[in-house]
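J.: Shown below is the structure under consideration.
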Amino acid sequence: MKLRAPFLIAVGILSLVSIAGPVTAAAPESKSQITILYDAFGTDPSMTKDWGFSALVEIAGKRILFDTGNDADIFAANVKAKGVDLKTLDFVVLSHRHSDHMAGLNYVLSINPTVKIYAPKEGFGIYGSSLPSSFYRKDETLPPEMRYYGGSPPQVMNFGAAWRGANFELIDKTTEIAPGMTLIALVSDAPGTKELNELSLAINTPEGMVLVVGCSHPGIERIVEAAASINPKIRLIAGGFHLVVAPDDVVAKTVAALKDTFKVESIAPGHCTGEPMFAAVKKAFGDRYLYAGLGTTLPLGANAGSDMRRGEGPALQQDDLTTYRRLARREDPFGILQARRLRTKASQL
Ligand SMILES: [Zn+2]
Ligand SMILES: [Zn+2]
């Protein structure tokens, strides 16, 4: 009997490894990189800047479109400018239901109408949903014409998606969708986005986790913590951290968590990360900060990095900064940032 416990632990560990093991090696000619297709800063003159996020993730022989930007026409133009073939995508991930991440889906579907789309499952959500009809209270004393479905509801009630016929697979818990590729599902608790479900893509590579995030509404630290529970070595985080209106103490605390608690190797912030966070991350990470403006390609190969723009922060040309600031105001729908700015101005008078 004494031997059983270690044996069972060993079996347990082995089965964990098989679930969460790294992505399988791809054919040598397949690309390993992330290309930013939609953002509000960047220096590629062939692309159009706008508020929103989209990235093409090419890794382990898979081509994954993560989010689709804010405007179908701009998204289409940026996709063409980069020569991205949407017909050969393996799947699409829509991180959450905000329009600056999903408005380009119409264009994707016009090119590839059957592509598999992973999206968060939400009650009566825009990507469709369903509920067992047992959810509502019945009153059998009523005549049939006063009862839902005449008193005989279907077992499951289905609610429509805004994109009819699209091949959605709805995710409501963290799920490994392909070997080594996990969608982390978390719910936001922040004012303004309470109960919003968001998916982040975590890829377990032999060199550590590559994490792609949309807006990080549930909190970037919670997302990284979930990724670290699969593999504690966090190799790269790319995407929006949603600190665009966060005060300095929150920015400082987040940078410290990423650098010191999670020991994130490289970081490629974009979208709603926010200018103060760009600056703080650049200072803390130095040349492990990878510039990720619109049109940038972040190589993910084992010996990647020599041709990467490191430690630059967002493009600092004045016109680029002006665009980012103008577009970022959209992330302040409740006027929090503006109110704070006015308060600071008043206190300086
Ligand atoms: Zn966003
Ligand atoms: Zn959002």
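The values are calculated or read from the model by the stated rules, or taken from the named source; none is laboratory data. Model, not experiment: these values are computed from the prediction. Counting neighbours? That spans all protein chains shown, and the Cβs are built from the backbone with ideal geometry, glycine included. Heads up: the accessible areas ignore ligands, DNA and RNA and are worked out on the full protein's heavy atoms, side chains in. Shrake-Rupley method; radii C 1.70, N 1.55, O 1.52, S 1.80 Å.
J.: Output the residues belonging to the range 113-129 that are closer than 23 Å to ALA60 by Cβ, in contact (Cβ under 8 Å) with a residue 60 or more places away in the chain and either open to solvent by less than 10 Å² (accessible area, probe 1.4 Å) or within 13 Å of ligand 2 (Cβ to nearest atom) (or both).
T.: Selection gives ALA119 alone.
J.: Let me ask you something else. Consider the range 217-236. How many of its residues are among the polar types (S, T, N, Q) and surrounded by fewer than 18 Cβ atoms within 10 Å (Cβ to Cβ)?
T.: So the count comes out to 1.
J.: Those residues that are touching a residue at least 60 places away in the same chain (Cβ under 8 Å), surrounded by fewer than 20 Cβ atoms within 10 Å (Cβ to Cβ) and farther than 22 Å from SER200 by Cα, I need them from the range 74-112; list them, please.
T.: ALA81, LYS82
J.: Using the structure shown, decide if THR182 is open to solvent by 70 Å² or more (accessible area, probe 1.4 Å), away from ligand 1 (no atom under 16 Å from the Cβ) and within 18 Å of the chain's Cα centre (by Cα).
T.: No; evaluated as a whole, the condition is false for this residue.
J.: Here's another thing I want to ask about it. Being away from ligand 2 (no atom under 14 Å from the Cβ) and not aliphatic (A, V, I, L, M) is true for just one of GLY192, GLY208. Which residue is that?
T.: GLY208
J.: Would you check which residues across the range 253-285 are within 16 Å of ligand 1 (Cβ to nearest atom) and either in a helix (DSSP H, G or I) or of a type in the set (Ser, Thr, Tyr) (or both) and list them?
T.: HIS271, CYS272, THR273, GLU275, MET277, PHE278
J.: Now for a separate question. Can you tell me how many residues within the range 242-265 are surrounded by fewer than 22 Cβ atoms within 10 Å (Cβ to Cβ) and of a type in the set (Ser, Thr, Tyr)?
T.: Qualifying residue count, the range 242-265: 1.
J.: Among the residues of the range 57-73, write down those that are part of a strand (DSSP E or B), surrounded by 23 or more Cβ atoms within 10 Å (Cβ to Cβ) and not aliphatic (A, V, I, L, M).
T.: PHE66
J.: Could you please tell me which pairs satisfy a Cβ distance under 6 Å, a separation of 6+ or placement on different chains, a first residue in the range 255-277 that is touching a residue at least 40 places away in the same chain (Cβ under 8 Å), and a second residue that is open to solvent by 20 Å² or more (accessible area, probe 1.4 Å) and of a type in the set (D, E, K, R)?
T.: GLU265/ARG235; CYS272/GLU331
J.: Being at pLDDT below 95 and touching an Asp or Glu at 6+ places or on another chain (Cβ under 6 Å) narrows it down to one residue among LYS2, LYS62, LYS31; which is it? Give the derivation first.
T.: Numbers: LYS2 fails: touching an Asp or Glu at 6+ places or on another chain (Cβ under 6 Å); LYS62 fails: at pLDDT below 95.
Testing whether each residue is at pLDDT below 95 and touching an Asp or Glu at 6+ places or on another chain (Cβ under 6 Å) leaves just LYS31.
J.: Could you grab me the full set of residues in the range 74-85 that are within 21 Å of THR114 (Cβ to Cβ), away from ligand 1 (no atom under 16 Å from the Cβ) and either part of a loop (DSSP other than H, G, I, E, B) or in contact with a strand residue (DSSP E or B) (Cβ under 7 Å, 6 or more places away or on another chain) (or both)?
T.: The answer is VAL79, VAL84, ASP85.
J.: Out of all the residues in the range 193-252, which are in a loop (DSSP other than H, G, I, E, B) and among the β-branched types (Val, Ile, Thr)?
T.: THR193, ILE230, VAL244, VAL245, listed by residue number.
J.: Residue under question is MET47, and the condition is that it be in contact with a Leu (Cβ under 6 Å, 6 or more places away or on another chain), open to solvent by 10 Å² or more (accessible area, probe 1.4 Å) and within 16 Å of ligand 1 (Cβ to nearest atom); does it hold?
T.: So MET47 fails the test.
J.: Being of a type in the set (S, T, N, Q) and within 16 Å of LEU199 (Cβ to Cβ) is the filter here, so list the residues in the range 38-94 that pass it.
T.: SER54, THR68
J.: Another question, if that's okay. Just to be sure, is GLY239 within 16 Å of ligand 1 (Cβ to nearest atom), surrounded by fewer than 23 Cβ atoms within 10 Å (Cβ to Cβ) and on the phi > 0 side of the Ramachandran plot?
T.: When the stated conditions are applied, GLY239 does not pass them.
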